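What follows draws every value from the coordinates through simple rules; no lab data is involved. Quick caveat: nothing in here was measured; it's all calculated off a predicted structure.
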Amino acid sequence: MSTKDITLTVNGETHSLTVEPRMLLIHAIREELDLTGSHIGCDTGNCGACTVVKDGEAIKSCLTFAVQADGSEIETVEGMEDHPDADGGLHPIQEGFEQEHGLQCGYCTPGMIMAGKAILDENPNPTEEEIREGISGNLCRCTGYQNIVKSIQYASDKLDENGEVAAADGGRAETDGGFTCGVENCCGGTGFDHTGGDNE
């Protein structure tokens, strides 16, 4: 079978892969990159266990071919610990799941965390209804969802307490409308590489 060379930036690290056109993104992430935090549940897009954030949007990686993600930036649950909002520990969403008992068996948790991150990236102060809508494509058989909603609300409150909210490109948008990426002497702009790489 023919193969295609692709490039994925996963959790800030660029990877060059040679994949078959039929390989699903979830399999590329798990098998080629050995990032097994994202789970395979249904392989039909119904459960959301495989949810990752692709170019700022939560997607089900079992419904996306790896070649469709060529050139994209992907965030998986493994990248949450290195996110600027984690401050060397748990990301506020992860902390929320711990503090609010948002998991039981844990199988859906990585997908729920990534769906929650995408919700907060788009809307830092979502209502309960908006959170429920945002996670509606992710199934949980254990919790009844209430504590998952509370976990995302916890993260929203925690980020708001810190005077910052997650920005879609991984930096931090200050609640006063400014921006900081955590880099010393940050330019405050959103059109640059705020990860310490070279800017064009």
From the C-alpha gyration tensor of the range 1-114, square roots of 5λ in Å = 25, 16, 10
The answer for residue 64, listing residues at least 5 apart or on another chain whose modeled amide H is closer than 5 Å to its amide H, is 25, 26
Relative contact order as a percentage, the range 4-79, C-alpha pairs under 8 Å and 6+ apart, gives 39
Length gained when the stretch residue 16-residue 141 is fully extended (0.36 nm per residue, less Cα-Cα span) | 41.4 nm
